1. For segment 5-39, what are the residues that are of a type in the set (D, E, K, R) and surrounded by 13 or more Cβ atoms within 10 Å (Cβ to Cβ)?
2. Filter segment 74-103 for residues that are under 11 Å from GLY55 (Cβ atoms) and among the small types (Gly, Ala, Ser); which is modelled with the highest pLDDT?
3. Among the numbered conditions (1) out of contact with any Asp or Glu (no Cβ under 7 Å at 6 or more places or on another chain); (2) touching a residue at least 12 places away in the same chain (Cβ under 8 Å); (3) assigned to a helix (DSSP H, G or I); (4) more than 14 Å from LEU41 (Cα to Cα), tell me where MET121 comes up short.
4. Being outside any helix (DSSP H, G or I) and modelled with pLDDT under 85 is true for just one of ASN164, ASN174. Which residue is that?
5. Do we have GLY32 as out of contact with any helix residue (DSSP H, G or I) (no Cβ under 7 Å at 6 or more places or on another chain) and of a type in the set (Gly, Ala, Ser) here?
6. Quick one: would you say ILE85 is within 27 Å of PHE31 (Cβ to Cβ), in contact with a Ser or Thr (Cβ under 8 Å, 6 or more places away or on another chain), assigned to a helix (DSSP H, G or I) and not basic (Lys, Arg)?
7. Restricting the first residue to segment 41-70 and requiring it to be without any contact (Cβ under 8 Å) to a residue 12 or more places away in the chain and over 14 Å from LYS22 (Cβ atoms), which pairs with a second residue that is surrounded by fewer than 23 Cβ atoms within 10 Å (Cβ to Cβ) and among the hydrophobic types (A, V, I, L, M, F, W, C) meet a Cβ separation below 7 Å and a spacing of at least six or different chains?
8. Go through segment 124-135 and give me each residue that's free of Cβ contacts under 8 Å to residues at least 40 places away in the same chain and either assigned to a helix (DSSP H, G or I) or acidic (Asp, Glu) (or both).
Amino acid sequence: MRKFLVIFWTIIAFIVIVAVQKNVLEQIPLFGICPNIGTVLVCAIAIISGTQVGGVFGFFYGFIMDISYGRTLGINTLIFLLIGIVSGLLNNKMSKDSKISLEVFVLASTIVLEVVTAGFMTLFYDVDIPFLYFARMILIEILYNLFLSFVFYRTFTAWGEQLNKIKKSYYVLN
């Protein structure tokens, strides 16, 4: 029953986080740029829980993002899946207690997320993004995401620890 509750509340929390991202964080942009709390969430869970859990949760978070934003289905799913897997790969190689580990992954993931998204927008929608605007946007979003990762560090790592407790016996995530 405990496993079911953790998974259930995780799915509910993902939906709430997407709603907060879409309805709150996008209403308070910093210099016209909004943070992406999903990057922080997926990195934190992957660093604490590993590649498999990070990949699964990255996939589901990206899928919920794709559905809620109504863009091309699969772009966010693929990006967050990759962020979860890559962050989880270094699960055993970096300190899980260090905020710096999370900060480094959030920084790298934000860059990857924005570059891949811009690449898809350019290829599929013929959107021209000026380089200086793009560089400014990434820099501001990195700062915003780093701030969010600092603020939510304890919450997201505690969540990852709860997932670790059930991971050993839950066959889908193990």
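The values are calculated or read from the model by the stated rules, or taken from the named source; none is laboratory data. Keep in mind that this is a model prediction, so the values were computed, not measured. Heads up, the Cβs are rebuilt from the backbone with ideal geometry, glycines too, and the neighbour counts pull from every protein chain shown.
1. LYS22
2. GLY84
3. The single condition MET121 does not satisfy is (2).
4. Among ASN164, ASN174, only ASN174 is outside any helix (DSSP H, G or I) and modelled with pLDDT under 85.
5. Criteria met by GLY32.
6. no
7. Hits for this filter: zero, empty list.
8. TYR125, ASP126, ASP128, PHE131, LEU132, TYR133, PHE134, ALA135 - these are the residues of segment 124-135 that are free of Cβ contacts under 8 Å to residues at least 40 places away in the same chain and either assigned to a helix (DSSP H, G or I) or acidic (Asp, Glu) (or both).
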